[in-house]
Structures are given as C-alpha cells and as structure tokens.
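Asks: Have a look at this one before I ask anything.
The values are calculated or read from the model by the stated rules, or taken from the named source; none is laboratory data. Since the structure is predicted, the reported quantities are computational estimates derived from the model, not experimental observations. Note that each Cβ is placed from the backbone with ideal geometry, even for glycine, and that neighbours are counted across all protein chains shown. These area figures cover heavy atoms from the full protein model, side chains too; ligands, DNA and RNA do not enter into them. Shrake-Rupley method; radii C 1.70, N 1.55, O 1.52, S 1.80 Å.
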Amino acid sequence: MNSNFVNDTVVTADQTETVLTVFAALTYSITIQANTSAGIGDPAENVLIITTPEDVPTPPEDVVLGTVTPTSVVISWQPPARPNGVLLGYQLTLVASAMEKSRRRRDVASVVAKPGNSLVMNVTSDTTSANITNLVPSTDNTLTVQARTSAGLGDPVVFNFTTSETIPTTPQSFTVTNMSSTELLVTWGRPDPVGGILLTYELLYVQSDDASTMIRMNLTGVNYDDFNNIELTYIIKNLTINTLYNVSLSAYTSAGRGDIAENQGKTNEDAPDPVTNFDISEMQDGSLLLTWVPPSERNGEYRYIINYTFMSRFNY
C-alpha cells in the first residue's frame with residue numbers, strides 16, 4: 001500500500017469518539033482538527049502514531065494448475081494482493097482420495113501421497129511454483145495453496161484434479177499348472193498398482209519349440225466376476241498332449257499394455273494311439289519276427305508291451 005495514503009474522516013460536533021477502519025501491519029499517523037465554515041483549526045497538540053498488528057494474508061493471486069501426469073502436478077501462483085504483514089511463505093496441502101479411480105487399492109508402497117493421506121509442503125515467500133511428485137495414478141486429489149504470515153495461514157485457493165492413468169504393473173503371483181493332457185490352469189493376482197481402470201488381460205501361449213502355434217486372446221470378463229478379485233484363474237484348453245508351453249500375461253488400461261508376467265507349463269502325457277500294420281513277417285526255428293508301424297500320436301515317452309498266450313497244441 002502507498003505509504004503516503006491519506007484518508008479523511010468527518011464526524012459531527014456532538015461526537016467525541018469514532019471508529020477508523022485500518023489495514024493490518026501498517027503504521028498510521030492520526031491527527032484531529034475542528035472545522036467551521038470559516039475554516040479548519042489547528043490540529044491537536046499530540047499526533048497519534050500506531051502500527052496495526054499483522055493479520056492472515058489474502059489468498060494468493062493468479063493461481064494456475066499446470067501439467068498433470070500420472071504421478072505429478074505443477075501449480076503456480078503470485079503473491080497475495082494484501083499480505084497483511086511480512087509474508088513468511090506458502091503452504092501447499094494435497095489430499096489424495098481413499099479410492100484409486102474406480103478401483104480400491106489394497107496396498108500402496110513407496111509413494112508420498114498415499115490415498116486418504118495428506119501431503120503438506122511449505123515453501124519460501126519468494127517461491128511462486130511447485131512440482132508435486134510421487135502421486136498415485138488415476139486418483140482424485142484436492143490441492144490447496146495458502147499464504148502465511150506470523151498471524152497464520154490465509155484463506156486457501158482450492159483445486160480438484162485427477163491424475164492420469166498409466167500402464168499397469170506386472171500381474172502378481174503368475175503360475176501355470178498342468179490339469180490334464182490338454183489343459184493348463186493359469187492363476188494370477190491383479191497388478192498393484194493397476195495404474196487406472198483395468199480394461200482387460202491379454203493371455204499369450206505358444207509351444208516352446210514352435211512359434212507358429214502362438215495364440216493371443218483377451219480375457220475380459222472370462223472366468224471372474226470383476227477385476228477386483230485378489231486371485232484370478234483361467235483354463236487354457238485344447239492344447240497338444242505332453243507339450244511344453246510358454247505362457248505370458250499382461251494387463252491393459254487406457255494408457256496401454258502393462259508389464260508382462262511369464263511362466264511355462266507342460267501338459268500331461270496321455271495314452272498313445274494304436275500301432276498299425278501289426279503282422280508276423282517271418283517264422284522259423286521256434287521264433288517269430290513281428291513288425292508294426294508306431295502310433296501316429298505317441299503322446300509322451302512310451303514303450304511297447306507285447307502279450308502272447310499259449311492257446312492250443314497240435315494233435316499228432
């Protein structure tokens with residue numbers, strides 16, 4: 001405020017007191033003079049000098065919420081119009097929602113602004129911007145900025161914003177277990193953090209020695225009620241008997257495909273197909289030479305079992 005600011009207050013002759021409106025943290029010089037139609041008389045002998053105490057400042061000016069990423073936000077501001085004292089600095093307070101957007105979090109590690117918690121940041125009076133990091137993706141947040149004097153914090157400027165989505169982390173506890181000669185059981189836990197609204201899982205499986213057998217499929221809504229289940233399962237069917245498969249799984253949000261979990265599983269052996277062209281090709285000196293064509297589908301490590309039974313003897 002201009003140090004030469006002058007304000008005149010006129011009161012009636014029957015008054016012997018009045019109330020002046022003053023601003024905080026300013027020094028005032030106050031005089032009083034009587035006034036008639038003939039002019040203004042001399043001022044009182046004593047001049048009142050008073051300094052008003054500090055008060056909380058008005059809100060910061062021109063506050064702008066800048067770039068919002070999955071894990072950070074930028075905010076800028078200008079000093080308050082009336083500091084009402086010596087400006088000591090600014091306080092920024094961020095409160096993250098207790099809910100990750102559309103998905104409740106079971107655990108959040110290594111983040112500053114955990115859902116439901118408050119992050120308080122104090123900066124100096126010459127600071128006019130801040131970059132707040134380590135936020136949780138796809139989470140509703142409330143951010144306030146306030147100026148501070150010795151009298152305390154002024155009124156806040158409040159912003160509500162949602163961090164953008166990011167790709168999911170790796171599905172947890174990914175296992176592949178053989179169920180039969182043609183089926184593998186896949187189990188996993190949802191990524192944590194998901195990074196947003198989980199749209200689908202992508203399952204890929206391929207015979208370990210034949211890339212041409214690759215199958216890719218989306219598991220949206222398959223074999224589970226919702227994406228919040230702690231453990232999810234899927235049965236891969238119609239596989240080749242006694243075969244090793246490479247299996248991978250990844251989750252998707254609107255930001256794209258997440259990190260990939262990988263494992264292997266082998267289907268069980270099964271009974272082989274019958275041999276063909278089974279015959280006696282030669283008989284001599286009390287021995288028989290048997291011949292045959294191996295099974296078309298062997299279905300595992302195998303051997304042959306030949307049974308022969310004495311049925312009758314010749315009559316001499």
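Asks: Give me log10 I(q)/I(0) at q = 0.23, 0.28 Å⁻¹ for the stretch 244-316, Debye formula, one equal scatterer per alpha-carbon, no solvent.
Replies: The Cα Debye sum returns log10 ratios of -1.12, -1.27.
Asks: Going 7 Å from the Cα of GLU231 toward and past its Cβ, which residues in the stretch 179-199 have a backbone nitrogen under 15 Å from where you end up?
Replies: It comes to 185-190, nothing else.
Asks: Another question about this same structure. Show ASP192, ASP55, ASP14 ordered by accessible area, largest first, where the area counts protein heavy atoms only and the probe is 1.4 Å.
Replies: Details: ASP192 45, ASP55 75, ASP14 130 Å².
Ranking ASP192, ASP55, ASP14 by accessible area, largest first, yields ASP14, ASP55, ASP192.
Asks: Given a 10 angstrom Cα cut-off, can you work out which residue in GLY41, GLY85, GLY152 is the most mobile in a GNM of the chain?
Replies: GLY41
Asks: Sort 259-265, 121-127 by packing, meaning the average of other beta carbons within 10 Å per residue, with the highest value first. Could you put the intermediate results ahead of the total?
Replies: Values: 259-265: 15.7, 121-127: 12.1.
Packing proxy ranking, top to bottom: 259-265, 121-127.
Asks: Note the per residue figure in Å³ for the convex hull of the C-alpha positions in the stretch 1-96.
Replies: Values: hull volume 14.7 nm³, N = 96.
Value for the stretch 1-96: 153 Å³ per residue.
Asks: With a point put 7 Å past each Cα toward its Cβ, work out how far THR31 is from PHE278 in nm, to one decimal.
Replies: Result: 13.1 nm between the two label points.
Asks: Next question. First compute the accessible area of the chain with a 1.4 Å probe, then give the percent of it belonging to carbon and sulfur atoms. Each step should come with its number before you reach the end.
Replies: On the way: 10030 of 19980 Å².
Answer for the chain is 50 percent, counting heavy atoms of protein chains only.
Asks: Another question, if that's okay. For the chain, build the convex hull from the C-alpha positions and give me its volume per residue in Å³. Walk me through the numbers before you get to the answer.
Replies: Details: hull volume 61.6 nm³, N = 316.
Output value, Cα hull per residue: 195 Å³.
Asks: Hey, what does the equivalent ellipsoid look like for the stretch 125-254, semi-axes from the Cα gyration tensor as sqrt of 5 times each eigenvalue, largest first, whole Å? Provide the component values of the computation, followed by the final result.
Replies: Details: eigenvalues 470, 37, 23 Å².
Value: 48, 14, 11 Å, ordered largest first.
Asks: Which listed residue (THR220, GLY154, GLY189) has the Cα farthest towards the positive end of the charge dipole for the stretch 145-302, taking +1 on Lys and Arg C-beta and -1 on Asp and Glu C-beta about the Cα centre?
Replies: Farthest along the dipole direction, towards plus: GLY154.
Asks: Within the stretch 193-223, list the residues whose amide N lies under 18 Å from a label point set 7 Å along Cα→Cβ of ILE260.
Replies: Within reach of a label on ILE260: 200-219.
Asks: A further question follows. Each residue of the stretch 189-198 in order: what ³J(HN,Hα) in whole Hz does its phi give by Karplus 6.51 cos²θ - 1.76 cosθ + 1.60, θ = phi - 60°, with x for Gly and Pro?
Replies: x, 5, x, 8, x, 6, x, x, 7, 6
Asks: What net charge is computed for the residues neighbouring ASN299, neighbours being all others with C-beta under 11 Å from the C-beta of ASN299, Lys and Arg scored +1, Asp and Glu -1?
Replies: Working: positive: ARG298; negative: GLU269, ASP270, ASP273, GLU297, GLU301.
Surrounding charge for ASN299 is -4.
Asks: Charges only on Cβ, +1 for Lys and Arg, -1 for Asp and Glu: so what's the dipole of the chain about the Cα centre, in debye to the nearest 20?
Replies: Dipole about the Cα centre, nearest 20: 560 debye.
Asks: What ranking of GLU297, GLU45, GLU17 comes out by heavy-atom accessible area, probe 1.4 Å, highest first? Let's see the in-between values first.
Replies: On the way: GLU297 105, GLU45 190, GLU17 150 Å².
Final ranking, largest accessible area leading: GLU45, GLU17, GLU297.
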